[in-house]
Amino acid sequence: MQIKSCLLHLHLQFASKFTNFINTKNMDLKNKTILITGGSAGIGLEAAKQFFEIGAKVIITGRSQEKLDAAKKLYPNLIAIKSDVANEEDAISLFNQVKELGGIDILYNNAGVGVMPSNLGVASDKHFEGATYEMNINYLAVIRLNNLFLDMLKSRKESAIINTTSVLSYVPSMLEATYSATKTALAFYTKSLREHLRIANSPVKVFELLPPAVETELIAHRKVKKMSTEKLIKGLIAGLQNDQYTIRIGYTTAIYMLNRLFPKLAFRLVNPREADKFLQ
């Protein structure tokens, strides 16, 4: 009976959200100017490609000039700006350069990093160093950029912020323990930001993208089933166009529901026993 009650609650919750989507004016991406952090490779570069295809103007950032140059060769209409999101001076410079270019309608906080797995139960300075590195880029840099660009976005007729969290914000991975923590922090911040903007009567929409494991350099070493960047971005664009503020892609939805009903089972699926050997 308890499981049936939970399923009914989830059904009513999803039905309510679906009704809200129908009654909301959907996001029109054509002719929008989009800034993508971490846009020189992987998910960010695929996003630039697909946004181009639907008629958007795209600005990308990245820390590697070599990768930015390579992206420009692939897509000559890209505007590429070398910038480290974790660096305050770079962030301010990026804002000023974007302002000179005419501003943006959408800020897509895509940049993210992770460190190699280590056992947190064995004392090491590397735990703090790795967590600081991940937190600065995956979480704190997002808050800084959002704050810099917020007034610009508010001035637009239709605008949005996209924050990339993760399925690991629901269920932590022991192999990406502090990374999972940064994504949980970002997920909570994203939900709060959305509600704070509502209270402030701001028109800026806030989207949360929750990818599963994706074929990128970040997890190239992991032997798990991975989604292509192409499929992920198609799901993102569909979510944006339907004003689906929480965009769960692939098995992320199943993990979300399973974690609500059977959290121990969800944890074991994300953390199979064979993963233990990497922490020994």
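Side notes on the structure shown:
- Segment 143-207 and segment 224-245 have Cα centres spaced 17 Å apart.
- Whole-number D in µm²/s for segment 27-173 (Stokes-Einstein; Kirkwood sum over Cα pairs; 4 °C, 1.567 mPa s): 80 µm²/s
- Å² per residue, accessible surface of segment 182-280 at 1.4 Å: 55 Å²
- Shape category assigned to segment 114-156 from the gyration tensor of Cα positions, a/c cut at 1.5: prolate
- Cβ-placed point charges (K, R +1; D, E -1), dipole of the chain about Cα centre in debye, nearest 20: 960 debye
- Between the beta carbons of ALA70 and TYR251, assuming R0 = 51 Å, the FRET efficiency works out to 0.95 to the nearest 0.05.
- Relative contact order, percent, segment 162-277 [alpha-carbon distance under 8 Å, six or more residues apart]: 30 percent
- Pair-distance profile P(r), taking every C-alpha pair of segment 108-229, with 5 angstrom steps and integer %: 2, 11, 19, 22, 17, 13, 9, 5, 2, 1, 0
- Anisotropy class of segment 158-280 from Cα gyration tensor, a/c 1.5 cut: prolate
- Gyration tensor (alpha-carbon) shape descriptor, the chain, a/c threshold 1.5: oblate
- Per residue, the accessible area of segment 51-177 comes to 49 Å², computed with a 1.4 Å probe over protein heavy atoms only.
- In the chain, a dipole from Cβ-located charges (positive for Lys and Arg, negative for Asp and Glu) runs towards its positive end, and of LEU210, GLY114, VAL58 it is LEU210 whose Cα lies farthest in that direction.
- Loop GluC sites (Glu not before Pro), segment 21-107 (other Cβ atoms within 10 Å of the site Cβ: 12 or fewer; DSSP): none
- Accessible carbon and sulfur surface of segment 158-280 relative to its total accessible area, %, 1.4 Å: 59 percent
- Near MET227, the amide H atoms lying under 5 Å from its own belong to ALA213, VAL214, GLU215; only residues 5 or more places off or on other chains count, and H is placed 1.01 Å from N.
- The mean sequence distance of close C-alpha pairs (under 8 Å, at least 6 residues apart), as a share of the length of the chain, puts its relative contact order at 18 percent.
- The chain - mean residue ellipticity at 222 nm from DSSP helices (-39,500 (n - 2.57) per run, n ≥ 4, rounded to 500): -15500 deg cm²/dmol
- Legend: P(r) of segment 50-124 from all alpha carbon pair distances, 5 Å bins from 0, whole percents, reading 3, 12, 21, 21, 17, 8, 6, 5, 4, 2, 0.
- Range in the chain, longest, excluding exposed trypsin sites (Lys or Arg not before Pro) [loop by DSSP; at most 10 other beta-carbon atoms within 10 Å]: 31-156
The values are calculated or read from the model by the stated rules, or taken from the named source; none is laboratory data. Since the structure is predicted, the reported quantities are computational estimates derived from the model, not experimental observations. Neighbour counts are summed over all protein chains in view; Cβ atoms, including those assigned to glycine, are modelled from backbone coordinates with ideal geometry. Only protein heavy atoms, including side chains, enter the accessible area calculation; ligands, DNA and RNA are left aside. Shrake-Rupley method; radii C 1.70, N 1.55, O 1.52, S 1.80 Å.
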